[in-house]
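Trainee: One structure follows; several queries about it will come next.
The values are calculated or read from the model by the stated rules, or taken from the named source; none is laboratory data. Here the structure is a predicted model, which is why all the values come from computation and not from measurement. Positions of Cβ are generated from backbone atoms using ideal geometry, with glycine treated the same way; all protein chains shown enter the neighbour counts.
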Amino acid sequence: MKIGYDVLDQALAQADASYGATECHGVLTGLLCALGDQALTSFLESALVQTDTGNRELEKIRLLLEGMFQEAVTMLADPECGYYPLLPADNAPMALRVQMLAEWCQGFLVGLHQGGITDFAALPGDCPELIEDLSEIARAEMYTLEDSEDDEKAYTELVEFLHTAALVIYEESQPGAVGESSVAPSPSIH
């Protein structure tokens, strides 16, 4: 079951969760890169930390988040499954999509940190450079973009970069979690 942006964002808002859908998905991905499939408890605690335990939506959102967790574990472990960051639909305004792109990156970095990875330079392979690039993208909401063809192309390239970066960081930080070097590192965006 593929969990959509709108469904998750609405459920998180109703549950008074700590994050919106995109940032939540970024946190989940960062935690999975740091902790592998042992990240579920940390993820749920992080996403629901400010949630009122008397909130009737809590069990519904917990099940939704557990489903998203299982989906992400499966997709990250098998690059052929089509893992991509959870972002608004392509018909959403460019400003919102860029803001959510930045929030996904912020969430990813938070997830790595919550998972115990604080020295990014000590990570293997291309991870330090990719994380540096993700830190730059996390500031993307400061840029003014329009719904032009050039901006659309740049946005698409950034989404593709996030896709590849997440897969490479997961593969390099979780040895044995992914098939033999199935994801080629993408060039830096510097």
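Okay, residues lined up against (1) out of contact with any strand residue (DSSP E or B) (no Cβ under 6 Å at 6 or more places or on another chain); (2) of a type in the set (K, R); (3) in a loop (DSSP other than H, G, I, E, B); (4) modelled with pLDDT under 95:
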residue	(1), (2), (3), (4)
V73	yes, no, no, yes
L76	yes, no, no, yes
L96	yes, no, no, yes
E103	yes, no, no, no
E132	yes, no, no, no
E146	yes, no, yes, yes
Y155	yes, no, no, yes
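Trainee: Continuing with this model, one more query. Determine if region 20-35 includes at least one residue that is surrounded by 16 or more Cβ atoms within 10 Å (Cβ to Cβ), of a type in the set (D, E, K, R) and at pLDDT 95 or above.
Mentor: yes
Trainee: So, one more: Go through region 6-19 and give me each residue that's of a type in the set (S, T, Y) and either surrounded by fewer than 18 Cβ atoms within 10 Å (Cβ to Cβ) or on the phi > 0 side of the Ramachandran plot (or both). Full working, then the answer.
Mentor: First, the residues of region 6-19 that are of a type in the set (S, T, Y): 18-19.
Correct list: S18 only.
Trainee: Related question: Could you grab the pairs with beta carbons closer than 7 Å, sequence gap of 6+ or different chains, first residue in region 116-128 and in a helix (DSSP H, G or I), second one surrounded by fewer than 10 Cβ atoms within 10 Å (Cβ to Cβ)?
Mentor: P128/A121
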